[in-house]
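Data block below; observations after.
The values are calculated or read from the model by the stated rules, or taken from the named source; none is laboratory data. For clarity, every value in this text was computed on a predicted model and none was experimentally measured. Here the Cβ positions follow ideal geometry from the backbone for every residue, glycine too, while neighbour counts run over all protein chains shown.
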Amino acid sequence: MVITSPYHEHMLFPTPVLATADERVLDAIERMRLELRHQVRATPTKWTEGLPKFLTADAVAASNSIEGFRVATVDVEDLMEGERDVDVSEEDREETLAYQRMMIYIQTLLDAEDFCYSKGLLNALHWMLQGHRHTPRKPAGQWRKGPVYVTDARDPSIAAYTAPDAREVPRLMGELIDWLNTKDDAHPLVRAAMAHLHLVSIHPWADGNGRMSRSLQTLMIAREGTLAPEFSSIEAWLGRPGNTWEYYRELARRGAEYLPDQDVSSWVRFNLTAYHQQAQTVRNRLERSGRVWGVLSDFAEAEGMDERVVSALHDVAMTGRVRRLRYEHAEGLSLQQAQRDLRDLVASGVLTSVGRTRARYYTAGDRFPEQALDVARTPMTLVAPYPE
């Protein structure tokens, strides 16, 4: 029985017992995550140093896109770097930078001592995310005061989900905080998936609940310690259009209102698929990035170029472009050095300059090594962790 009165105890969704197939997938995920950690630690090169930034930008871009704020990953990278002349709306810029600041803070918590979850922590994270949108009607950093609905993607006049009564939120969030701070026998990745479901179902804030729930999942995986947070997030996977649709469909299976007394095995299976395929994606990105760097290093050496220009060429191959500021920061150069290097690469036909003054960026020119572009653009094949 589900009790709806705010004066009675509620329960959270019970964590399901994993089936044999789930255990197999979880073992495979663990192996990939350990291999990734070993690869990253064993090859502390410039191209692996740039990967965390890309993955953070990809997670920010994807999670925001789920909520309708569409900024390309390469633009998010530029905004994170401090670029001002990025062709995005002011609203998208604010949402991107707010989410990035919150994600960076989450990344610093992976090894924080005396760490514990609290209502204050979650509300502070929410303020980082939504503070720029704070209004009396939609307060940031505090529980909502009224009802909140998730509307149907096909018809906004239909409520696909009605969250619990606002009077119940403090009690439910208290129960969730207690659960977060209490160890149990569930695998950390499963607990992180359950935390996501608990928070998004309670919907404690007037806005930003989806991104907060995905961020809590990332934080819990980071605290588990196998991989750094930027390698752990499944937000980029969730942000792919087909996966976003599946994500909403999976949440819709929980019902049109808060009904925690149910089996959520399919939710856990959905998240295990996400973990598995995101690990495959990161592993592939790491391998392709290394191969591209090798091709570009050989090219630079053959052309008598300084080795430092490889990082600029690598950006172009992997993301389609490079800006002066990004190259300057990556190599610790002065503005004049960075400008001179990029001007020389344009003069030799390796790069092409696009735009003027501060908005200028550089793309592949006629003499850019095709082999590097071929490797960077080779699509990967994702393996489905669960056989049909």
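Considering (1) free of Cβ contacts under 8 Å to residues at least 12 places away in the same chain; (2) touching a Lys or Arg at 6+ places or on another chain (Cβ under 9 Å), the lone condition that Phe231 does not fulfil carries the number (1). Scanning the range 343-357 finds no residues that are in contact (Cβ under 8 Å) with a residue 40 or more places away in the chain and within 27 Å of the chain's Cα centre (by Cα).
Any idea which of Ala300, Ala274, Ala312, Ala330 is assigned by TED's automatic domain parsing to the domain that holds Asp152 and among the aliphatic types (A, V, I, L, M)? Talk me through it step by step, then tell me what you get.
Working: Ala300 fails: assigned by TED's automatic domain parsing to the domain that holds Asp152; Ala312 fails: assigned by TED's automatic domain parsing to the domain that holds Asp152; Ala330 fails: assigned by TED's automatic domain parsing to the domain that holds Asp152.
Exactly one residue qualifies, and that residue is Ala274.
Reported count of residues in the range 265-285, each being over 18 Å from Trp245 (Cβ atoms) and surrounded by 19 or more Cβ atoms within 10 Å (Cβ to Cβ), is 7.
Restricting Glu94, Glu30, Glu67, Glu35 to residues that are surrounded by fewer than 17 Cβ atoms within 10 Å (Cβ to Cβ) and either free of Cβ contacts under 8 Å to residues at least 40 places away in the same chain or small (Gly, Ala, Ser) (or both) narrows the list to Glu94.
For the range 180-219, a tally of residues being over 26 Å from Ile104 (Cβ atoms) and either assigned to a loop (DSSP other than H, G, I, E, B) or of a type outside the set (A, V, I, L, M) (or both) returns 7.
Return the total of residues in the range 141-174 being assigned to a helix (DSSP H, G or I) and surrounded by 14 or more Cβ atoms within 10 Å (Cβ to Cβ).
Residues in the range 141-174 being assigned to a helix (DSSP H, G or I) and surrounded by 14 or more Cβ atoms within 10 Å (Cβ to Cβ): 6 in total.
Restrict the check to the range 287-309 and report whether at least one residue is small (Gly, Ala, Ser) and in contact with a Ser or Thr (Cβ under 9 Å, 6 or more places away or on another chain). Give the derivation first.
As a first pass, look at the range 287-309 and keep what is small (Gly, Ala, Ser): 289-290, 294, 297, 300, 302, 304.
Those left that are additionally in contact with a Ser or Thr (Cβ under 9 Å, 6 or more places away or on another chain): 289-290.
Yes, because at least one residue in the range 287-309 is small (Gly, Ala, Ser) and in contact with a Ser or Thr (Cβ under 9 Å, 6 or more places away or on another chain).
Of the residues in the range 325-340, how many are in contact with a Lys or Arg (Cβ under 7 Å, 6 or more places away or on another chain) and not hydrophobic (A, V, I, L, M, F, W, C)? So the count comes out to 2.
The set of residues from the range 279-310 being over 18 Å from Thr378 (Cβ atoms), out of contact with any Leu (no Cβ under 9 Å at 6 or more places or on another chain), part of a helix (DSSP H, G or I) and of a type outside the set (Asp, Glu) comprises Ser297, Ala302.
Which of the numbered conditions does Ala153 fail, given that it passes all the others? Conditions: (1) touching a helix residue (DSSP H, G or I) at 6+ places or on another chain (Cβ under 7 Å); (2) modelled with pLDDT of 90 or more. Going through the list (1) touching a helix residue (DSSP H, G or I) at 6+ places or on another chain (Cβ under 7 Å); (2) modelled with pLDDT of 90 or more, Ala153 breaks only (2).
Among the residues of the range 227-264 satisfying the criterion of being in a helix (DSSP H, G or I) and among the hydroxyl-bearing types (Ser, Thr, Tyr), which is surrounded by the most Cβ atoms within 10 Å (Cβ to Cβ)? Steps first, answer last, please.
First, the residues of the range 227-264 that are in a helix (DSSP H, G or I): 229-232, 235-238, 241-252.
From the residues that got through so far, the ones that are among the hydroxyl-bearing types (Ser, Thr, Tyr) too are 232, 244, 247-248.
Values: Ser232: 30, Thr244: 16, Tyr247: 21, Tyr248: 16.
Result: Ser232.
Every condition in (1) surrounded by 12 or more Cβ atoms within 10 Å (Cβ to Cβ); (2) in the same structural domain as Thr162 (by TED's automatic domain parsing); (3) modelled with pLDDT under 85 holds for Pro6 except the one numbered (2).
Of all residue pairs spaced 6 or more apart or on separate chains, those with beta-carbon atoms under 8 Å, a first member in the range 108-132 that is in contact (Cβ under 8 Å) with a residue 12 or more places away in the chain and in a loop (DSSP other than H, G, I, E, B) and a second member that is surrounded by 10 or more Cβ atoms within 10 Å (Cβ to Cβ) and among the basic types (Lys, Arg) are Phe115/Arg223.
Would you check if there is a residue in the range 73-84 being farther than 27 Å from Glu230 by Cβ, without any contact (Cβ under 8 Å) to a residue 24 or more places away in the chain and assigned to a helix (DSSP H, G or I)?
Looking for residues that are farther than 27 Å from Glu230 by Cβ, without any contact (Cβ under 8 Å) to a residue 24 or more places away in the chain and assigned to a helix (DSSP H, G or I), one finds none in the range 73-84, hence no.
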